[in-house]
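**Student:** Below is a structure I'd like to ask you about.
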Protein chains: 2
Amino acid sequence: MEPIIKSQLDTDYYKISMGNHVFLHHPDIEVEYALTNRTKKVPLAEHVDVDELREQLDYARTIRMAEDELGYLANIRVSNDGQQFLFSQSYIGFLRQNRLPAYELSVRDGQFDLKFGKGDRWASAIYWETIALPIITELYTRALIKNMTRFEKDCLIAEGLLRLQKKIGILRKYPDITFIEFGTRRRYSGWWQDQVVQILVNEMPMQFLGTSNVYLAKKYGIPAIGTIAHEEDMVYAGLAGNDNDAVRNAHQRLLNDWWDLYGWDLSIALTDTFGSSFFFQNMTEEQARKWKGLRQDSGNPFEFGEQAIKFYMNYGIDPREKLIVFSDGLDVNAIIALADRFRGRIHFTFGWGTNLTNDLGLPTLSLVIKAVKANGNGLVKLSDNLAKAIGAPEDVERYKRIFGYENIFTQECRY
Amino acid sequence: MEPIIKSQLDTDYYKISMGNHVFLHHPDIEVEYALTNRTKKVPLAEHVDVDELREQLDYARTIRMAEDELGYLANIRVSNDGQQFLFSQSYIGFLRQNRLPAYELSVRDGQFDLKFGKGDRWASAIYWETIALPIITELYTRALIKNMTRFEKDCLIAEGLLRLQKKIGILRKYPDITFIEFGTRRRYSGWWQDQVVQILVNEMPMQFLGTSNVYLAKKYGIPAIGTIAHEEDMVYAGLAGNDNDAVRNAHQRLLNDWWDLYGWDLSIALTDTFGSSFFFQNMTEEQARKWKGLRQDSGNPFEFGEQAIKFYMNYGIDPREKLIVFSDGLDVNAIIALADRFRGRIHFTFGWGTNLTNDLGLPTLSLVIKAVKANGNGLVKLSDNLAKAIGAPEDVERYKRIFGYENIFTQECRY
């Protein structure tokens, strides 16, 4: 058995920033997670052996965070104050002893039924998402290449290298385009993601800002980048239970809690959990002024950018002081088109995932592991693309009413 | 200094078959060789440092043939008699102590003036050609990639792999097409030639017949393939001096000597030294019956094939019992077109050189090292492509008259 996850840092940075928040402020909440294969046409359990998956998940549970890894996290500083640490010492102590909790795995209709966190605390279960996703994706990779000859495998890597070379060649012509590697969860393999990051570090250091992968950020001495995910919004709302006003107010509470904990450094707001229209009504002028910017993760990114510019201008804020991080299913063409649209109007950068770390000519999957319950309450994500909505149908309808959700945009998820 | 040639077997097999013949029958002849860069637009000495070239050539002179290598050659058997060895024991003993003789190297007008064999015996100098050519070619490769990043170099290899994959994919659709790797002298690098051979061994064992490279044939346990080169014809004729009849008769003498030494095993005649028209007039019916076939190395290969078929049929020989080895500047398209033309009419195979072992997207050179003098007499090769003719202009004109050479075909040498 060749382990896929060999380090607890081989995960997305936002799991650490959220992990610290959850550990400090919501230590007793229970959150459950479930896997969804949005690429339904691929019967994943027919490609990937359930026992091999179990073996990999079990192995990941045995990994402890090493002292140098804990030291790395402990030493991350608040940017405008080189003296202050971003993460609490108590959290580092928690990480030292933390283990991934148990999981439930079975096969149903050719798909994996994989759940985490039942009866476990959010503070521990939160790490599974970005550990399990690269495991499943890489097992799928291994299945796809199982019957290839050594030469065919080499040619696959060759194809990946040349595709990456083409991306680099094109993006070099746009020196104002910067990007972040966001592809941990859907990478072709851990080895390949490492290659891609190493190449980007060497080939375009001015445009490649960093990676969401903490292990690779540490390895290559580049910034680990990430802030917050939908699950925080979803849990905050879910805990409000049947109280519609409290559900609606949860988003504001989270914005405040997050700012109070991290301030400017991690102040990139994720706008689409309950639809970006609601977000733009809900964020206050003060927040709009203080927060660094916004992350766009679903829907039409061009319309989103226009809305964001209008939003800031309505408050008399110069959008050219604000940042949008586009992170939804990007490729080179989309990146260039967005840059062309928003150049000189608002800052932008790109969180580039699957198409950066899993572009070798093989089919890719759109797999997600999402929070589905918090203290027993069903959780909901609406997003700006209804194909990405999460939650029981009746809960989704209720949330639509609560948040005045009118969007009808639906687009199949490529990644 | 990373040596390019590390083994005396890293050479073409025909140097061994000719070497044995020369050692046994012409031990006292002196033959001089000279380098020609037919790609005149490339000032080679501006790319390749003359001292580095010297260092590589000097290193090659220090290499002795190892005992396992001598054993490998000593054990090659005559095919229709598993008891008889192809090469003489005295020759193996000679190889054990043989060293590459001195060379003369200078730079003139941006090109290397490189000569071998002045005052040395043919039996020793004969080995330089296929040692010096891969050295110069690989130094040129190194110059071309000198300023590339590690990633750019990896992409170059990736491109080479994908081009090879494409060749393999196409040729698999033509299972009756077989070929031999003939690319030692103009390979991208020794490492890359090794990769190519290894891949072909694994990917198309039924179509890939073997390699001219003795070291790789030994390493991969595949046939070492090759017979004879132009230099034997050229020296035989050159030694005849001013006697035109003797010059003309030299070719027959060589055919007889070669048959007497090796018989059927190495009976692939090279037809173009003095023009294939002369060859087809000169080869006797008995020879045409006995010899396995012909190698086509210049001129129009389609016309050559038609001529060869007519030649055999005129003697009442079924061409379907004979073989043509096409070996002039081949690529996949030429190979398929030739197979389509001659399928079912005559056996064919392909000696595939530069385009097989140096096809990574970088410019290639057409370098040759040819015998230029034998015991002080100027040597001449006419070939079926006047761009490949060798010799002093007045000698070339004299040979044209002697051999009734009427061909006017000229084509720039791609490789």
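**Student:** Just to check, using Stokes-Einstein with a Kirkwood Rh over alpha carbon pairs, what's the diffusion coefficient of the stretch B:127-195 at 10 °C and 1.306 mPa s in µm²/s?
**Tutor:** Values: Rh = 13.8 Å.
So the translational diffusion coefficient is about 115 µm²/s.
**Student:** Nearest 0.05, what FRET efficiency do B:Arg142 and A:Arg77 give at R0 = 45 Å with Cβ-Cβ as r?
**Tutor:** On the way: r = 45 Å, r/R0 = 1.01.
Efficiency, from the Cβ-Cβ distance: 0.50.
**Student:** Report, in cubic angstrom per residue, the convex hull volume of the C-alpha atoms of the stretch B:146-230. Display every interim value, and only then the final one.
**Tutor:** Numbers: hull volume 9.9 nm³, N = 85.
Value for the stretch B:146-230: 116 Å³ per residue.
**Student:** Right, here's the next one. Taking the simple approach of a point 7 Å from Cα along Cα-to-Cβ for both A:Lys153 and B:Arg341, what is their distance in nm?
**Tutor:** 4.2
**Student:** Quick one: what Rg and Dmax do you get for the stretch A:165-207 from the alpha carbons, in Å?
**Tutor:** Just the Cα atoms of the stretch A:165-207 yield Rg and Dmax of 10.8, 29 Å.
**Student:** So if we plug the beta-carbon distance of A:Asp260 and B:Asn202 into 1/(1 + (r/R0)^6) with R0 = 60 Å, what FRET efficiency do we get, rounded to 0.05? Let's see the in-between values first.
**Tutor:** Numbers: r = 62 Å, r/R0 = 1.03.
Using R0 = 60 Å, I get an efficiency of 0.45.
**Student:** Let me ask something else. Give me, ordered by chain and number, the residues 5 or more places off A:Ala269 or on other chains with an amide H under 5 Å from its own placed amide H.
**Tutor:** A:Gly293, A:Leu294, A:Arg295
**Student:** Mind jotting down the distance between the C-alpha centroids of the stretch B:1-60 and the stretch B:223-298, whole Å?
**Tutor:** What the calculation gives is 23 Å, centre to centre.
**Student:** Still on this model: In nanometres, what is the gap between the two model label sites at A:Asp176 and A:Thr36, each 7 Å from Cα along Cα-to-Cβ?
**Tutor:** That separation, rounded to one decimal, is 3.7 nm.
**Student:** Still on this structure: Determine the order of B:His26, A:His347, B:His230 by accessible area, beginning with the largest, at a probe radius of 1.4 Å.
**Tutor:** On the way: B:His26 30, A:His347 100, B:His230 5 Å².
Greatest to least solvent exposure: A:His347, B:His26, B:His230.
**Student:** Once R0 is set to 35 Å, what does the formula 1/(1 + (r/R0)^6) return for the Cβ-Cβ distance between B:Asp243 and B:Ser88, expressed as a FRET efficiency to the nearest 0.05?
**Tutor:** On the way: r = 31 Å, r/R0 = 0.88.
The formula returns an efficiency of 0.70 here.
**Student:** Under Stokes-Einstein, with the Kirkwood radius over Cα pairs standing in for Rh, what whole-number D in µm²/s applies to the stretch B:283-395 at 4 °C and 1.567 mPa s? Don't jump to the answer; show the numbers that get you there.
**Tutor:** On the way: Rh = 16.1 Å.
Rounded, D is 80 µm²/s.
**Student:** Rounded to the nearest 100 Å², what is the buried accessible area between B and A, both sides summed, probe 1.4 Å?
**Tutor:** Details: alone 17460 and 17450 Å², together 33660 Å².
Chains B and A together bury roughly 1200 Å² of accessible area.
**Student:** Against the globular-protein guess of 2.2 N^0.38 Å, express the Cα radius of gyration of the stretch B:251-330 as a ratio, rounded to two decimals.
**Tutor:** 1.01
**Student:** Once neighbouring chains are kept in place and the probe is 1.4 Å, which whole percent of the accessible area of the stretch B:35-97 is contributed by carbon and sulfur?
**Tutor:** Numbers: 1650 of 3520 Å².
The nonpolar share, carbon plus sulfur, comes to 47 percent.
**Student:** Within 13 Å, Cβ to Cβ, of A:Leu261, how many net charges do the neighbouring residues add up to if Lys/Arg are +1 and Asp/Glu are -1? List each step's numbers first, then the result.
**Tutor:** Values: positive: A:Arg253; negative: A:Glu232, A:Asp257, A:Asp260, A:Asp265.
Net of charged neighbours comes to -3.
**Student:** B:Gln97 to B:Asp51: extension gain in nm, 0.36 nm per residue of separation minus the Cα-Cα distance?
**Tutor:** Details: separation 46, 0.36 × 46 = 16.56 nm, distance 2.71 nm.
That works out to 13.8 nm of additional length.
**Student:** Still on this structure: If you put +1 on each Lys and Arg Cβ and -1 on each Asp and Glu Cβ, how big is the dipole of the protein assembly as shown around its Cα centre, in Debye rounded to 20? Walk me through the numbers on the way to the answer.
**Tutor:** Values: 98 positive and 110 negative charges, 106 e Å.
The calculated dipole for the protein assembly as shown is roughly 500 debye.
**Student:** Kindly tabulate the residues in the stretch B:196-245 with an accessible-area decrease of at least 50 Å² between the chain alone and the assembly of all protein chains, using a probe of 1.4 Å.
**Tutor:** Flagged in the stretch B:196-245: B:Glu203.
**Student:** Treat every Asp and Glu Cβ in chain B as -1 and every Lys and Arg Cβ as +1, leave all other atoms uncharged, and give the resulting dipole magnitude about the Cα centre to the nearest 20 debye.
**Tutor:** Details: 49 positive and 55 negative charges, 139 e Å.
Dipole about the Cα centre, nearest 20: 660 debye.
**Student:** Which pairs in the list B:Lys40/B:Lys146; A:Lys118/A:Lys370; B:Lys166/B:Lys292 are over 24 Å apart, alpha-carbon to alpha-carbon? Show your work: numbers first, answer last.
**Tutor:** Values: B:Lys40/B:Lys146 22 Å; A:Lys118/A:Lys370 13 Å; B:Lys166/B:Lys292 32 Å.
Violating the 24 Å limit, Cα to Cα: B:Lys166/B:Lys292.
**Student:** Could you look at the stretch B:200-329 and say what percent of its accessible area is carbon and sulfur, using a 1.4 Å probe and all protein chains?
**Tutor:** Details: 2320 of 4900 Å².
Carbon plus sulfur share of accessible area: 47 percent.
**Student:** What net charge do the residues around B:Thr410 carry, taking every other residue with its C-beta under 11 Å from that of B:Thr410, with Lys and Arg at +1 and Asp and Glu at -1?
**Tutor:** Numbers: positive: B:Lys388; negative: B:Asp384, B:Glu412.
Summing Lys/Arg as +1 and Asp/Glu as -1 gives -1.
**Student:** Per residue and in cubic angstrom, what volume does the convex hull of the Cα atoms of the stretch B:355-415 have? Could the numbers behind the result be given before it?
**Tutor:** Numbers: hull volume 6.6 nm³, N = 61.
That works out to 108 Å³ per residue.
**Student:** For chain A, what is the percent of antiparallel DSSP beta bridges, rounded to the nearest 5?
**Tutor:** Working: 22 of 40 bridges.
Bridges in chain A are about 55 percent antiparallel.
**Student:** Express in % the proportion of alpha carbon pairs of chain B at distances exceeding 29 Å. Intermediate values should be presented prior to the final figure.
**Tutor:** On the way: 37024 of 85905 pairs.
Result for the distance tail: 43 percent.
**Student:** Provide, in order from the shortest bin, the percent of all Cα-Cα pairs of the stretch B:224-285 in each 10 Å bin, continuing until the bin that contains the maximum pair distance.
**Tutor:** 21, 57, 20, 2
**Student:** Evaluate Rg over Rh across the stretch B:1-47, taking Cα atoms for both radii and Kirkwood's formula for Rh. Please list the in-between numbers first.
**Tutor:** Numbers: Rg = 15.6 Å, Rh = 14.2 Å.
Radius of gyration relative to Kirkwood radius: 1.10.
**Student:** Using the heavy atoms of the protein chains alone and a 1.4 angstrom probe, what is the accessible area of the protein assembly as shown per residue in square angstrom?
**Tutor:** That works out to 41 Å² for each residue.
**Student:** Let me ask you something else. In a GNM of chain B with a 10 Å cut-off on Cα contacts, which of B:Trp352, B:Trp264, B:Trp122 has the highest mean-square fluctuation?
**Tutor:** Among B:Trp352, B:Trp264, B:Trp122, the largest mean-square fluctuation in the Gaussian network model of chain B belongs to B:Trp264.
**Student:** Could you work out the mean projected area of the convex hull around the alpha carbons of the stretch A:323-381, in square nanometres to one decimal?
**Tutor:** Working: hull surface 24.3 nm².
That works out to 6.1 nm².
**Student:** Related question: Divide by every residue of chain A the summed helix terms, -39500 (n - 2.57) for each DSSP H run of at least 4, and state the resulting mean residue ellipticity at 222 nm, rounded to the nearest 500 deg cm²/dmol.
**Tutor:** Working: 18 runs with 191 residues, N = 415.
So the helix-based figure for chain A works out to -14000 deg cm²/dmol.
**Student:** While we're here: At 0.692 mPa s and 37 °C, plugging the Kirkwood radius over alpha-carbon pairs of the protein assembly as shown into Stokes-Einstein gives what diffusion coefficient in µm²/s? Let's see the in-between values first.
**Tutor:** Details: Rh = 31.6 Å.
Taking Rh from Cα pairs, D becomes 104 µm²/s.
The values are calculated or read from the model by the stated rules, or taken from the named source; none is laboratory data. Bear in mind that the values here come from a model prediction, so they are computed numbers and not experimental data. Because the Cβ atoms are built from the backbone with ideal geometry, glycine has one as well, and the counts that use them run over all protein chains shown. In case anyone asks, the SASA skips ligands and DNA or RNA and just uses the protein heavy atoms, side chains included. Shrake-Rupley method; radii C 1.70, N 1.55, O 1.52, S 1.80 Å.
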